[in-house]
Amino acid sequence: MCANFLNESQAEWLKTVNDFMDNEITVEYVRNCDFERQYPYEAYDKIAKQGWLGILIPESEGGSGGDIFDYSLMAEGLGKFGFDFACSVLVPTFTAMNIIKYGTAEQKARYVKPFIDGEIRFSVSISEPDAGSDAANTKTHARQDENGDWIVSGSKLWCSGAAAKDTVIAMLVRTDKNDKHNGLSVLLIPNDTPGLDIRKLPTLSRHATGTTEIFLDEVRVPADALLGEVGQGWKIITEHLELERCAVAAAYTGNAQEAVSNANRYAHQRTQFGKPIRDFQVLKHMLAENQTRVDAARLLCYRAAQMKADNLPAARETSMAKLYGSETLKQCALDGMQILGGYANLPEGDMERYLRESIQSTIGGGTSQIQRTIIAKSMRLPA
Ligand SMILES: Cc1cc2nc3c(=O)[nH]c(=O)nc-3n(C[C@H](O)[C@H](O)[C@H](O)COP(=O)(O)OP(=O)(O)OC[C@H]3O[C@@H](n4cnc5c(N)ncnc54)[C@H](O)[C@@H]3O)c2cc1C
């Protein structure tokens, strides 16, 4: 057992990803993608070359057959310099796993190897103007014509990564208006499908991956775009939400750790009143408090990831990890801003990016209020 309850090979794997972020990706690259609002194509390619996109994919399907614990450690490392960067890599993996589980042989042949090789990526489009926390309130609808093709109309909101090249959107659509949850299906729609109108949004966070709104007016999609069965959409999406919460919680924790480490480094360098600001007890205690929060967040992530790896029900544990990880990131980034003083306002300080992204972290993937509701439900508190 090493620090943080990892065994030797797990600790080594986390170090490998962290070193890769430091030396091959670099904080400057991540900062620049954010500043220029540019998708991190070069980094995505480098990660694909490592074979890491296929970490969760079974060996029989061409992946490396890792478990969710290995995957979460990768997410922790990839999140080091901000969640936006990690998101560009993690979000595609959610749909890849849905294709492994629900895809036809033809869909697997078309998508899995190109995904592992970094030639295509996936985005997930659940949210709509009237379907946020109430995600099953999907109004975008799809009907089949006489040839079996899907005709899709409506508008989706907040689809991260949908504007990046060679992206296939896993879109939740309504196929039966009379059944809220069982009337939903998932279509795999390449983002260059004629008629798809994808517009990037000028959001506070997610500058590099980019988030978008999508308009569809009688967009034609082939019959074989359906993932799983008609009416299985809610099941596919909710299963994926637990994997998502595990991964994002780990990435938030990785970033929260960097926010504390960054503030600690600055506190050692910055001198005021003739001494390093680390000597002021108020700042020392702030850092100590936040390191404690990060350690607690990390252990919640490891518990949730291990339970998922062992195929145990883990809705409560993944919600706790997501809730605490995101709130910890927000607190650490906010306190980091205070410790870095005026310098924190500049992109070079990195903290303003961490803060911007932390504000989204308690919203995306289910808000903190929704996570508390799930936890309360597990305690048999009334809905
Ligand atoms: C940058 C960014 C990227 C995103 N990326 C994606 C993506 O790739 N794909 C995708 O599908 N979606 C994405 N989202 C959408 C995200 O998942 C939603 O924003 C989130 O689910 C919340 O929905 P909402 O914004 O409509 O807020 P609402 O659901 O309207 O919530 C507003 C407020 O009401 C509270 N609230 C709502 N319902 C309840 C309740 N039952 N009990 C207590 N409080 C409640 C919420 O907690 C929140 O405080 C993204 C969002 C952002 C901002």
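A few remarks follow.
- Some residue of the range 59-69 being within 16 Å of the ligand (Cβ to nearest atom) and in contact with an Asp or Glu (Cβ under 8 Å, 6 or more places away or on another chain): no
- Residues of the range 160-170 satisfying the condition of being under 13 Å from H207 (Cα atoms), open to solvent by 10 Å² or more (accessible area, probe 1.4 Å) and away from the ligand (no atom under 11 Å from the Cβ): A163
- Candidates are the residues of the range 174-195 that are open to solvent by 10 Å² or more (accessible area, probe 1.4 Å) and touching a Phe, Trp or Tyr at 6+ places or on another chain (Cβ under 8 Å); the one that is nearest to the ligand (Cβ to nearest atom) is H181.
- For F215, the conditions (1) surrounded by 15 or more Cβ atoms within 10 Å (Cβ to Cβ); (2) within 14 Å of the ligand (Cβ to nearest atom) are fulfilled apart from (2).
- Candidate set: the range 129-159, residues that are surrounded by 17 or more Cβ atoms within 10 Å (Cβ to Cβ) and near the ligand (Cβ under 8 Å from one of its atoms); chosen: the one nearest to T95 (Cα to Cα): C159
- Residues in the range 90-128 that are under 23 Å from G231 (Cβ atoms) and within 16 Å of the ligand (Cβ to nearest atom): F94, T95, A96, M97, N98, F122, S123, V124, S125, I126, S127, E128.
- Residue list for the range 228-242, restricted to those being touching a Ser or Thr at 6+ places or on another chain (Cβ under 8 Å) and buried (at least 19 other Cβ atoms within 10 Å of the Cβ): G233, H240, E242
- The helices (runs of 4 or more DSSP H) found wholly in the range 1-119 and carrying at least 2 residues that are of a type in the set (D, E), surrounded by fewer than 18 Cβ atoms within 10 Å (Cβ to Cβ) and in contact (Cβ under 8 Å) with a residue 12 or more places away in the chain occupy 41-50.
- Answer residue from the range 265-297, given it is aromatic (F, W, Y) and open to solvent by less than 70 Å² (accessible area, probe 1.4 Å) and is farthest from N255 (Cα to Cα) among those: F280
- Residue satisfying condition, being surrounded by fewer than 17 Cβ atoms within 10 Å (Cβ to Cβ) and among the small types (G, A, S), within set A376, A344, A321, A314: A376
The values are calculated or read from the model by the stated rules, or taken from the named source; none is laboratory data. The structure displayed is predicted, hence computed values, not measured ones. Here the Cβ is made from the backbone with ideal geometry for all residues, glycine too, and neighbour counts use every protein chain on show. With ligands, DNA and RNA removed, areas are computed over all heavy atoms of the protein, side chains included. Shrake-Rupley method; radii C 1.70, N 1.55, O 1.52, S 1.80 Å.
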